[in-house]
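Everything below concerns the one structure shown next.
Nothing in this text is a laboratory measurement; each read-out follows from the coordinates by a stated rule. Keep in mind that this is a model prediction, so the values were computed, not measured. Counting neighbours? That spans all protein chains shown, and the Cβs are built from the backbone with ideal geometry, glycine included.
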Amino acid sequence: MHLPSLSISLGALVLLPSASAHFLFPHLMLNGVKTAPFEYVREHDNGLMPSNNDFITSNDFRCNKGSWNHRRQPKTAQVTAGKDVIGFHTQLDTGIYHPGPVTIYLSRAPGDVRDYDGSGDWFKVYQLGTRMPWNGTDQGWLTRDLRTFTFRIPAEIPAGEYLMRIEQMSIHPPYRQKEWYLQCAHLSIASSYNSKTPGPTLKFPGGYKISDAAIQLDSWAQPPPTFAPMPGPPMWPN
Ligand SMILES: *[C@@H]1O[C@H](CO)[C@@H](O)[C@H](O)[C@H]1NC(C)=O
Ligand SMILES: [Cu+2]
């Protein structure tokens, strides 16, 4: 177990001034319960550091830097498709103070999720962007100051073990520059669904391109943008 290192890293977090604290998502949300930090979430070695756009071409864009070294630490949460409400909660109740979308993807492991690197297909099950219409301000983001991002697992997901990946793309730097925050949880999904495979799917890296409209959004533009495209494909099921 990694409780000693966990308490050290949380202690270090507490000492950080909030202005330099970015976002981790160490708590799996399970039917309204905030589980312990990293109980079901794969830790990584990037701490609270923002990643820049180089990140989207890296294998670390799956579950963040160094997460492979932590893959045996979390438990795998037992959940049921079409029933349980799941998601993530930020570290130390930090509100999302950087404007930008939050998306959540699932990828089925070939076997045990603890041995899965996220190199397979991902599909999107959650997204939260701006109010519509958007007046181009930070206040217009529905993600703003939120700490919890949850959704009911769709019934239309085959049984199996899954990585669940949350991503926040911060859009406050100028032009195409973005900051990226992401983290993965371990799920075992019970389901009787065995119809069409969830999609559309994408790979990480490769699925996002700098030319994507979501990444090209320039929050500094004048006049301000009035539409913020979501990163990635449409959600499953449509
Ligand atoms: C933009 O909209 C948000 C709510 O969506 C509001 O709080 C804010 O005052 C608005 N700002 C401007 C400049 O219209
Ligand atoms: Cu920042």
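For region 160-204, which chymotrypsin sites (Phe, Trp or Tyr not before Pro) are in a loop by DSSP, counting at most 16 other Cβ atoms within 10 Å?
Within region 160-204, the qualifying chymotrypsin sites (Phe, Trp or Tyr not before Pro) (loop, at most 16 other Cβ atoms within 10 Å) are Y175, Y193.
Return the aspartates and glutamates within reach of K196: Cα separation strictly under 14 angstrom, same-chain partners fewer than 8 residues apart disregarded; answer none if there are no such residues.
Of all the aspartates and glutamates, those that pass the test against K196 - Cα under 14 Å, at least 8 places apart if same chain - are E156.
Applying 1/(1 + (r/R0)^6) with R0 = 30 Å to the Cβ-Cβ distance of D145 and N238, what FRET efficiency is obtained, to the nearest 0.05?
Using R0 = 30 Å, I get an efficiency of 0.55.
Identify which of P74, P223, P205 has the largest mean-square fluctuation in a Gaussian network model of the chain, with springs joining Cα atoms closer than 10 Å.
Result for the chain, Cα springs under 10 Å: P223 fluctuates most.
Principal axis extents for region 134-194, Cα atoms only, whole Å, descending order, please.
Extents along the principal axes: 45, 20, 20 Å.
Output the antiparallel fraction of DSSP beta bridges having both residues in the chain, as a percent to the nearest 5.
Numbers: 39 of 43 bridges.
If I count the DSSP bridges inside the chain, around 90 percent turn out antiparallel.
Can you list which of the trypsin sites (Lys or Arg not before Pro) found in region 170-220 are DSSP loop residues with at most 10 other C-beta atoms within 10 Å? Show your work: numbers first, answer last.
On the way: sites: R176, K178, K196, K203, K209; in loops: R176, K178, K196, K203, K209.
Here the sparse-neighbourhood loop sites are K196.
Work out how much length R72 to D93 would gain on full extension: take 0.36 nm times their residue separation and subtract the Cα-Cα distance, in nm to one decimal.
Gain on stretching R72 to D93: 5.0 nm.
Calculate for the chain the 222 nm mean residue ellipticity that helices alone would give, adding -39,500 (n - 2.57) per DSSP H run of length 4 or more and normalising by residue count, nearest 500 deg cm²/dmol.
Numbers: 2 runs with 17 residues, N = 238.
It comes out at -2000 deg cm²/dmol, rounded to the nearest 500.
Viscosity 1.567 mPa s, temperature 4 °C: give me the Stokes-Einstein translational D for the chain in µm²/s, with Rh taken as the Kirkwood radius over C-alpha pairs.
72 µm²/s
When the dipole is taken about the Cα centre of the chain, and only Lys, Arg (+1) and Asp, Glu (-1) are charged at their Cβ, what size is it in debye, to the nearest 20?
Once rounded to the nearest 20, the dipole reads 320 debye.
Mind sorting F227, F23 by how few other Cβ atoms lie within 10 Å of their own Cβ, fewest first?
If I rank by nearby Cβ atoms, fewest first, I get F227, F23.
For the cross-link pairs K34/K83; K75/K124; K34/K203; K75/K178; K124/K203, which exceed 20 Å when the distance is taken from alpha carbon to alpha carbon?
From the list (K34/K83; K75/K124; K34/K203; K75/K178; K124/K203), the Cα-Cα distance tops 20 Å for K75/K124; K34/K203; K75/K178.
What do you get for chymotrypsin sites (Phe, Trp or Tyr not before Pro) in region 45-113 restricted to DSSP loop and a cutoff of at most 14 other Cβ within 10 Å of the site's Cβ?
On the way: sites: F55, F61, W68, F88, Y97, Y105; in loops: Y97.
Passing both the DSSP loop test and the Cβ count: no residue.
Place a point 7 Å from Cα of W220 in the direction of its Cβ. Which residues in region 49-65 have their backbone N less than 18 Å from it?
Taking a point 7 Å out along Cα→Cβ of W220, the residues of region 49-65 whose backbone N falls under 18 Å are 51-54.
So what's the gap between the Cα centers of region 190-204 and region 148-181, to the nearest angstrom?
Centre-to-centre (Cα) distance: 16 Å.
Students often forget the sequence filter, so: which aspartates and glutamates lie under 13 Å Cα-Cα from K209 once same-chain residues fewer than 8 apart are removed?
Once the sequence-local aspartates and glutamates are set aside, what remains near K209 is D54.
Can you give the FRET efficiency for D138 and D112, using 1/(1 + (r/R0)^6), R0 = 41 Å, r = Cβ-Cβ distance, to the nearest 0.05?
E between D138 and D112, to the nearest 0.05, is 0.50.
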